[in-house]
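Visitor: Structure incoming, see below.
The values are calculated or read from the model by the stated rules, or taken from the named source; none is laboratory data. Quick caveat, the model's predicted, so the values are computed rather than measured. Heads up, the Cβs are rebuilt from the backbone with ideal geometry, glycines too, and the neighbour counts pull from every protein chain shown.
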Amino acid sequence: MEKTIILNGSPRAPKSNSKRYAEIFSACHGADVEYYNITRTNHDELRRKIGTCSDVVLVFPLYADALPVGLLNFLKALELEPPAGKPVVSVMINCGFLEYRQNDLAVRMMKFFCKRNGYAFGSVVEIGSGEAILDTPFRFLAKRAIRDFSRSIRNRKYAAFHTTMPLTKRLFILASTLYWSSYGKKYGVTREEMRTMRIEGEKTV
Ligand SMILES: Cc1cc2nc3c(=O)[nH]c(=O)nc-3n(C[C@H](O)[C@H](O)[C@H](O)COP(=O)(O)O)c2cc1C
């Protein structure tokens with residue numbers, strides 16, 4: 001059965017950039033798309049769902065050059081207990097930094113998972129400046145890359161796509177520093193506080 005399921009692996013799935021990317025994908029892809037967030041408690045339900053579809057699209061952010069832990073736990077659950085049928089796995093990944101290639105390692109991890117567990121790997125779209133691009137005039141670049149990604153899955157001509165904002169690193173750092181400083185200010189957090197390893201008063205390392 002030709003059916004695509006999108007699974008959001010962002011830890012902040014309901015409010016995530018990944019959700020926004022998934023919405024763009026759904027709008028391009030047409031009717032037969034179902035969307036679910038990956039949570040701690042729905043692994044069995046998602047296993048049943050992906051066992052009946054032709055394609056699964058994993059949409060998630062880059063975390064510490066790798067996969068978010070919630071997604072890793074879901075993949076571990078699939079490894080222990082595989083679904084009834086194995087769909088083609090495609091990946092839509094976004095990262096905060098400007099360079100889309102920051103995502104390469106995480107994509108390799110997904111390819112390794114697929115190879116080891118008998119899933120065909122489909123298409124991939126790597127998005128750089130993923131926290132920002134949709135709220136800038138460059139959002140059309142992200143939409144275009146996702147449209148091409150969706151088309152490749154529909155036509156079963158799996159391929160790799162990428163995009164980012166066409167800015168110099170210097171300009172990107174300047175713009176993002178201004179953005180995060182004023183964001184911190186809104187919540188009473190100074191630039192100095194943002195530079196520490198403390199989260200809400202607790203030291204993290
Ligand atoms: C804990 C954490 C780790 C992150 N690690 C990276 C990283 O290694 N490289 C990068 O470019 N962005 C990194 N980011 C930025 C996210 O990938 C980026 O903000 C993304 O848009 C979040 O997507 P989401 O809203 O779908 O979760 C990190 C963000 C967080 C919160």
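Visitor: Enumerate the pairs (first residue in the range 68-92 and assigned by TED's automatic domain parsing to the domain that holds Ile38 and farther than 14 Å from Thr41 by Cα; second residue anywhere and within 15 Å of the ligand (Cβ to nearest atom) and among the polar types (S, T, N, Q)) with beta-carbon separation below 9 Å, excluding pairs fewer than 6 apart on the same chain, so at least 6 apart or on different chains.
Guide: Pro68/Ser10; Val91/Asn103; Met92/Ser18
Visitor: Of everything in the range 1-38 that's assigned to a strand (DSSP E or B) and among the polar types (S, T, N, Q), which residue is surrounded by the most Cβ atoms within 10 Å (Cβ to Cβ)?
Guide: If we take residues in the range 1-38 being assigned to a strand (DSSP E or B) and among the polar types (S, T, N, Q), then Asn8 is surrounded by the most Cβ atoms within 10 Å (Cβ to Cβ).
Visitor: Among the candidates Ser129, Ser181, Ser152, Ser123, single out the residue that is surrounded by 13 or more Cβ atoms within 10 Å (Cβ to Cβ) and not assigned by TED's automatic domain parsing to the domain that holds Val33.
Guide: Result of the check over Ser129, Ser181, Ser152, Ser123: Ser181.
Visitor: Out of the range 9-19, which residues are over 10 Å from the mean Cα position of the chain (by Cα) and more than 8 Å from the ligand (Cβ to nearest atom)?
Guide: Pro14
Every residue, every condition in (1) within 19 Å of Ile153 (Cα to Cα); (2) in contact with a Ser or Thr (Cβ under 7 Å, 6 or more places away or on another chain); (3) of a type outside the set (A, V, I, L, M); (4) away from the ligand (no atom under 16 Å from the Cβ), yes or no:
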site: Leu7; (1), (2), (3), (4): yes, no, no, no
site: Val59; (1), (2), (3), (4): yes, yes, no, no
site: Leu72; (1), (2), (3), (4): no, no, no, no
site: Val89; (1), (2), (3), (4): yes, no, no, yes
site: Arg101; (1), (2), (3), (4): no, no, yes, no
site: Val107; (1), (2), (3), (4): yes, no, no, no
site: Lys111; (1), (2), (3), (4): yes, no, yes, yes
site: Cys114; (1), (2), (3), (4): yes, no, yes, yes
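Visitor: Taking the range 43-96, which residues are part of a loop (DSSP other than H, G, I, E, B) and within 21 Å of Arg151 (Cβ to Cβ)?
Guide: Correct list: Cys53, Ser54, Pro87.
Visitor: Hey, any hits in the range 137-146 for a residue that's in contact (Cβ under 8 Å) with a residue 12 or more places away in the chain, of a type in the set (Val, Ile, Thr) and out of contact with any Cys (no Cβ under 7 Å at 6 or more places or on another chain)?
Guide: no
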